[in-house]
Every structure is written in structure tokens, then in C-alpha cells.
Amino acid sequence: MDQPDLAARLQSVVDDLEIRRVVHEYAARVDLRDWTALRRVLADDVEVNYHNGRTIVTGGDEVVEYIRTNTAHLAWQHHNVTPYDVQVNGDHAAGRSYLISHQVLTDAPTEVLMMAAFYDCEFVRVDGAWRLHRMVHQIKVATFHPIQSQPTASADIPPAVQH
């Protein structure tokens, strides 16, 4: 393998990992309510289409403010994202990420909202770093479930993990 081929292949791997990191950083910073770090993964002209098209927010600062405002009612949340199918074309890229989210409302701490969704994303390289440029959030299912401190009577729970 000649040097240019190796360099191109290595750059492809680096791009793929950095784009996946943007997706993970987005989710982690939302969960941690780290608004400054969240802003760093967003392009200035980012456009996010939330909740199956019900809300479109444009601009990095505006997206951060939208998320901050619309998660203030949550006691906590946890986004588990799995990026798939990252396609890089120069300084632009696209990919889909699957999302499983758990959220507990401050006013309803005995229930958890469980959501299955996906993010279709476009990314752009800005000053050498990948940023989220466009995201479409498609919810497939969202449902509340009671949080139980004890398992059902028929559950066989090993002693090591019992409360």
C-alpha cells in the first residue's frame, strides 16, 4: 500500500471517529446540562428539526437555549445514542444515530419516559473540527412507565444486585 492510500484511509477512520464523538458529545452534554460544551459541537448555522417536525430551531445559541428551556422540567435524563452509517464526503458528512432515552420529570419522580427514536444528521468540518450542521429527530415510540423499587413477585433477582 502506498503512502497516499494509507493517509487517505487513516483520515477516513479519524473522520468517522470524530463524527461519532460529536453525536456522543451532543447526547452527553444535554444530559449533563453542560450548555457551553454542547454549544461547541454545534455549527453556528445548525438547524434541528425536533419531535417529528413539530419544532425547527436554527442557530447554535438558539438550539442550546431551546434544549435548556425544554429540559428544565426534568429531574434527570439519559440519552444512549448509537451512530450508524457515517458517510464522509470531504468536509461534509451524514449519518443516522439510534436513540434510547430515559427521562424523569421533577414533578413525577415515580415514572420514567422511555423513548426510542433516531437522529438523521449532517455534519460539517469547521476550522478542522466536525460540528453538527443539521439534525432531524424522529420519535418512533415514547411512553411513560412506573419506576418500581421492588421487582414483581415472580422475578428471580440474584442477591448481589438486590437492594
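Some points to look at:
- The sole residue among R39, R20 that is in contact (Cβ under 8 Å) with a residue 60 or more places away in the chain, among the basic types (K, R) and under 15 Å from M135 (Cα atoms) is R20.
- Filter pass, R131 being in a strand (DSSP E or B), touching a helix residue (DSSP H, G or I) at 6+ places or on another chain (Cβ under 8 Å), modelled with pLDDT of 95 or more and among the charged types (D, E, K, R): yes
- Considering residues of the range 4-43 that are part of a helix (DSSP H, G or I) and among the acidic types (D, E) only, the residue farthest from E65 (Cα to Cα): D5
- Subset tally (residues that are among the polar types (S, T, N, Q), modelled with pLDDT of 95 or more and part of a strand (DSSP E or B)) for the range 98-120: 2
- In a residue-by-residue description of the range 49-63, the property of being β-branched (V, I, T), part of a helix (DSSP H, G or I) and within 18 Å of R134 (Cβ to Cβ) applies to at least one position.
- Residue match in the range 89-97 (condition: of a type in the set (S, T, Y), surrounded by 13 or more Cβ atoms within 10 Å (Cβ to Cβ) and in a loop (DSSP other than H, G, I, E, B)): no
The values are calculated or read from the model by the stated rules, or taken from the named source; none is laboratory data. Bear in mind the structure is a predicted one, so any value in this text is a computation, not a measurement. Note that each Cβ is placed from the backbone with ideal geometry, even for glycine, and that neighbours are counted across all protein chains shown.
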